[in-house]
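The values are calculated or read from the model by the stated rules, or taken from the named source; none is laboratory data. Note that this is a predicted model, so its numbers are computed, not measured. Note that each Cβ is placed from the backbone with ideal geometry, even for glycine, and that neighbours are counted across all protein chains shown. In case anyone asks, the SASA skips ligands and DNA or RNA and just uses the protein heavy atoms, side chains included. Shrake-Rupley method; radii C 1.70, N 1.55, O 1.52, S 1.80 Å.
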Amino acid sequence: MTAPPSRAGVAEQTTAWLMVAPATLGFALFYALPALRALRISFTDWNLLRPAHDVGWANYSQLLADGRFWFGMKLALEYALINIPIQTALGLFLALAMDRLTKSIFVRATVLLPYLLSNVLVALIWLWMLDPVLGQVNHLIAALGLARQPFFSGSDQALATVAAVNIWRHMGLVSMLFLAGLQNIPRSLYEAAALEGAGEWQTFRRVTLPLLRPVLVFVLVTSVTGSLQIFDTVAVTTQGGPAGSTAVIVQYIVQNAFGYLKMGYASAMSLALCAVMVLYTVIQMRLMRSGESDLG
């Protein structure tokens, strides 16, 4: 027979449940229930002004034939392809530099500071700094004898500029995640690699990078899903322009929901985007074996 749990064990379990209860309640109220509500709304035609009525799969059929939906998905993918490699590489570089060169809390706080600022505030600051006429960046470019750049105002530069702003804001957080992973790697492994005659690049490729795989998976999954949901920087700086060059999918969803009052269609698009992110997450975690560790 299984022994009954001790009083200390019951107390530990109770404490554990009390600790996770706020997060569980928050997840249920602000994520799970709204998601279920959105699923129900996606099968209706509802403009907030009259009762919703069921339309079956009509919203999903419309989505498949909607060129603007697929264009928004394409732009979100292009944004991710610009944002993720640079953000990940810079974050890893900063983490390696901090791990090797300094243990200063001030340096780490400075690196993380942009992420602690509001995304709307960051977008407003860079909108002013990159203004074609009044922006400090263009004043510097002109002082160097170069042509002023439109940045957010140029259809060929706007999406890359939005990506650059978000890279600047998020690379500090990415570096902190990588730094935490680096500090969990036993130093004895580096000493053994040095004794074997491995150089810096070989040590990084054969020791550091494999042991950072769980952190790398987390960074890639959260970064890609976040990139596909990019909205606030676009809303503040370009509103989807110029000429639709930054009309990413979430901007189109919000436009349908609160501009055209097509709540059912917006909900259907939101769930389609959610399905894409879930599929990517599952594939990424399977390919990179996220549940395994190379630490013996």
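Only one entry in 92, 48, 63 is touching a residue at least 60 places away in the same chain (Cβ under 8 Å) and under 30 Å from residue 171 (Cβ atoms), namely 92.
Residues of region 149-159 that are hydrophobic (A, V, I, L, M, F, W, C) and closer than 15 Å to residue 247 by Cβ: 152, 158, 159.
Taking region 1-21 as the range and being of a type in the set (A, V, I, L, M), open to solvent by less than 100 Å² (accessible area, probe 1.4 Å) and modelled with pLDDT under 85 as the test, the residues that pass are 3, 8, 10, 11. Filtered by the rule that a residue be outside any helix (DSSP H, G or I), open to solvent by 50 Å² or more (accessible area, probe 1.4 Å) and either closer than 18 Å to residue 207 by Cα or not aliphatic (A, V, I, L, M) (or both), region 90-117 gives a lone residue, 103. Please verify whether residue 26 is closer than 29 Å to residue 166 by Cβ, in a helix (DSSP H, G or I) and under 19 Å from the mean Cα position of the chain (by Cα), treating the condition exactly as stated. So residue 26 fails the test.
Residues being outside any loop (DSSP other than H, G, I, E, B), open to solvent by less than 90 Å² (accessible area, probe 1.4 Å), in contact with a Leu (Cβ under 6 Å, 6 or more places away or on another chain) and under 17 Å from residue 262 (Cβ atoms) are entirely absent from region 45-60.
Could you count how many residues in region 29-44 are within 19 Å of residue 258 (Cβ to Cβ), open to solvent by less than 80 Å² (accessible area, probe 1.4 Å) and either assigned to a helix (DSSP H, G or I) or small (Gly, Ala, Ser) (or both)? Qualifying residue count, region 29-44: 5.
Say we look at region 146-191 and pick out the residues that are among the aliphatic types (A, V, I, L, M) and surrounded by fewer than 13 Cβ atoms within 10 Å (Cβ to Cβ); which of these is nearest to residue 234 (Cα to Cα)? Top of the filtered list is 147. Within region 61-78, identify whether any single residue is surrounded by 10 or more Cβ atoms within 10 Å (Cβ to Cβ), of a type in the set (S, T, N, Q), more than 24 Å from the chain's Cα centre (by Cα) and assigned to a helix (DSSP H, G or I), and answer yes or no. Looking through region 61-78, at least one residue is surrounded by 10 or more Cβ atoms within 10 Å (Cβ to Cβ), of a type in the set (S, T, N, Q), more than 24 Å from the chain's Cα centre (by Cα) and assigned to a helix (DSSP H, G or I). Scanning region 201-220 for residues that are closer than 18 Å to residue 77 by Cα and either open to solvent by 20 Å² or more (accessible area, probe 1.4 Å) or touching a His at 6+ places or on another chain (Cβ under 9 Å) (or both) gives a single hit, 220.
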